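The values are calculated or read from the model by the stated rules, or taken from the named source; none is laboratory data. Quantities reported herein were computed from a predicted structural model and do not represent experimental measurements. We place every Cβ from the backbone using ideal geometry, glycine too, and count neighbours over all the protein chains shown.
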């Protein structure tokens, strides 16, 4: 059974004039123990999608979907509060810039203890404080911080970004979630720290069978750590499939362009020639193209692209394009 | 924390120095004889004036004159008042506590009323409550305080008869003046009517304190609202929501603390404004404070009194400013560091 | 990455026009702005508009209540005071004094404060720290006390009151200008100008001033409402305009003794002060709100 089953989720931004469709009918499924990558440029709506799943968007965003199931429970029928309750029990999220996501005037220890699940504590209330402290120390050990004494007493600005990100992961683990959504967790770090964090996430996935939705804009980096990948562009669904397929045989022109623009693919081109990129830039929200939003930039665009393409499924490899590259393989 | 204290102490001493230079130079700027301005002796004959001039080092250089002035200040001789011929330090000591009582009560009322209302306005942002609170705050901020004082006397004292309109306490109670702060004096005295005296003093302070507190309360409403709005937009509040905390918990545990930190920093700056309002209110309500004394001194051209009053009042305000700085540093660990880091 | 201009017909209004657009959005602010302009008009043309002279005594109609009362007289629309002077004319002339003077006061202190503030922001080191502490000291003296001291030095009278309030407002402008200029100096576009070879004065003139002018204007509206209240307070305490002049605060002080028999002599000047301060504050608030809305959109 799928953990998370989303079909045709749309997110509308209610402005003073017309509403803007920031995320246009995106589908996503997650199985247990799966590490899925969600790839797209900045402005592609991936963070919005993640926030919509967890339920932290404010009133000016309107979310609706054809299907939004969590472990079989239909969430669209419930009220917002009930939805939040069910989701927050099993889904956790970590963010970009971890230092900014921690309260600067409270110590790490206090914030960790806040995240510890009350239901897992037993005993009378004066014992609970001790248990909370113990639970917080355990969580820090789980993410690889050995000397928890110094860590719990410090304030967020006294730690490094990587350490803060580990603390955020520890706080996320406190609920024993079934799904961890990582929204560009390593965007603010150097590559050595990035590898540490990714290794930690991979070990958590293997040891606890926890599914991870890894959001990033760097396709090449993600391919080392994920089982499946979903690609988004400008709020629309582009392609989804196993990492092997996406990286070696991309069906959609956009995915092809992403793969082609990575440094590895550009090793063989002659000196002083241009790198292979798509011309133009991502459209701004006020001027979204109709139909397939890649249209103005796509090398294969023709008249039919004025209508948004439907999703085609080839043995688990989904593409949303009128002129997919399947035929060339 | 120690370095922070030392830096603040350093700042305090430097400011006191500057203030004393300012008040010293006033004696030269005021019309009339400089030596009379600084000492206050107007009735003595020329030999008397010569004696006083020697005391203050009139014939020596400016620096030694200033040094003499400082010496006089530290010895408690702030000159004598030109009108009453009483030592100014006594007058200040008898009047300043009443002003302290009024201003600190008013500050307290303004904070207790203004800050929660500002928070409520921010939480209900873009709804009607927010607009209503903002409009009321703007009107409260625009009322001229002397008009407000007169109107409240008219309504509450004369028409409704609920509260008295003048003085610190009814003259029937003979409370010995020990510290000058009425409430402490009542507790220290051994009059058999302590509780009634306490009630009477409270009813006397409510009206002036509320009048003084209105404009600062509206400023606090605005400050608290802005601070809370900024806090509610930050990433850590969003992360806390994703962590699964309810909105109530987030507000009470994280948002209020972070919002208060920014508000406290500006509270100290508002205190000078509050004292200005208190001075006018003291005149209207005949409150025996230093503001009323200073305004009467200027009617009577008592320059020595103005010098002394300026020094005393500004020192008091600056002390409160430093105190709030301390509280701000205690609450916000980031403020204790002086280096900016990579910014 | 530079954005390719695919849509040729699209044009973006200048920041000033955007500001005006956002300013116009709120109806309350528009009303406030209208009242502000009305007050300016009254202040300039007061001698032409008011029905009587403000100091003329009509000894046959002392202490007349306003026209809507039974004993009132329509030719004295808002009543008269104890010396038979028409309240309406006094109020209108008072606009020139209280409101008009506050405008001039703010203008003078704005210019002086901005010049000193921006020059002091260019200095660094001991001089700057000294100036900082000096400013702190002056800002911690209550404004009324400072005004009283200056009036004591210069003597009573209207022009001295003006100078007193100018001296009180200048430190606030210096403080704001200094902070704003320092903040802008740390930004990258100033660094780019400096790398191009511009000296400090040129940077101030071309790069920084256009960017801080809006902050200054919003501070100026705050300062104007404070100035109106200060002029009225000094008038009330008898330290400002001399007695016959129809300054609103002085009128209020005059009316205290007659509070029971002629309450309108107290209500009307107070309402006038309230009205002008609210109008100024509405304009200031509208401007700040428009600045924020423009930044967000």
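Scanning the stretch A:247-262 for residues that are free of Cβ contacts under 8 Å to residues at least 60 places away in the same chain and in a helix (DSSP H, G or I) gives A:247, A:248, A:254, A:255, A:257, A:259, A:260. Here is the figure for the stretch A:57-105: residues that are surrounded by 17 or more Cβ atoms within 10 Å (Cβ to Cβ), in contact (Cβ under 8 Å) with a residue 60 or more places away in the chain, in a loop (DSSP other than H, G, I, E, B) and more than 8 Å from every other protein chain (Cβ to nearest Cβ) total 1. Is it fair to say residue B:260 is surrounded by fewer than 24 Cβ atoms within 10 Å (Cβ to Cβ), at the interface with another protein chain (Cβ under 10 Å from one of its Cβ atoms) and under 28 Å from residue C:137 (Cα atoms)? Yes. For residue A:49, the test of being in a loop (DSSP other than H, G, I, E, B) and either exposed (fewer than 15 other Cβ atoms within 10 Å of the Cβ) or more than 9 Å from chain B (Cβ to nearest Cβ) (or both) is failed.
Just one of (1) out of contact with any helix residue (DSSP H, G or I) (no Cβ under 8 Å at 6 or more places or on another chain); (2) not in a loop (DSSP other than H, G, I, E, B) fails for residue A:231. It is (1). One residue stands out among those in the stretch A:286-306 that are in contact (Cβ under 8 Å) with a residue 40 or more places away in the chain and exposed (fewer than 14 other Cβ atoms within 10 Å of the Cβ): the one that is nearest to the chain's Cα centre (by Cα), which is A:286.
Counting only helices (runs of 4 or more DSSP H) that fall entirely inside the stretch C:112-187 and contain at least 1 residues that are modelled with pLDDT under 80 and buried (at least 21 other Cβ atoms within 10 Å of the Cβ), the qualifying elements are C:126-140, C:143-154.
When restricted to residues that are closer than 18 Å to residue C:238 by Cβ and facing chain B (nearest Cβ under 7 Å), the stretch C:133-150 contains 5. The criterion of at least 1 residues that are more than 14 Å from chain C (Cβ to nearest Cβ) and under 30 Å from residue C:273 (Cα atoms) is met, among helices (runs of 4 or more DSSP H) falling completely within the stretch B:57-149, by B:88-123, B:128-142. Any residue that is touching a residue at least 24 places away in the same chain (Cβ under 8 Å) and over 23 Å from residue C:290 (Cβ atoms) - is there at least one of those in the stretch C:32-39? No, the conditions are met nowhere in the stretch C:32-39. Elements of the type helices (runs of 4 or more DSSP H) sitting completely within the stretch A:160-225 and holding at least 1 residues that are under 16 Å from the mean Cα position of the chain (by Cα) and under 22 Å from residue A:56 (Cβ atoms): these cover A:161-173, A:191-208. Looking at the stretch A:44-60, is at least one residue out of contact with any helix residue (DSSP H, G or I) (no Cβ under 8 Å at 6 or more places or on another chain) and over 24 Å from residue A:88 (Cβ atoms)? Scanning the stretch A:44-60, I find at least one residue that is out of contact with any helix residue (DSSP H, G or I) (no Cβ under 8 Å at 6 or more places or on another chain) and over 24 Å from residue A:88 (Cβ atoms), so the answer is yes. Being modelled with pLDDT under 90, crowded, with 21+ Cβ neighbours inside 10 Å, in contact with a strand residue (DSSP E or B) (Cβ under 9 Å, 6 or more places away or on another chain) and within 14 Å of another protein chain (Cβ to nearest Cβ) holds for only one residue in A:174, A:170, A:187, and it is A:174.
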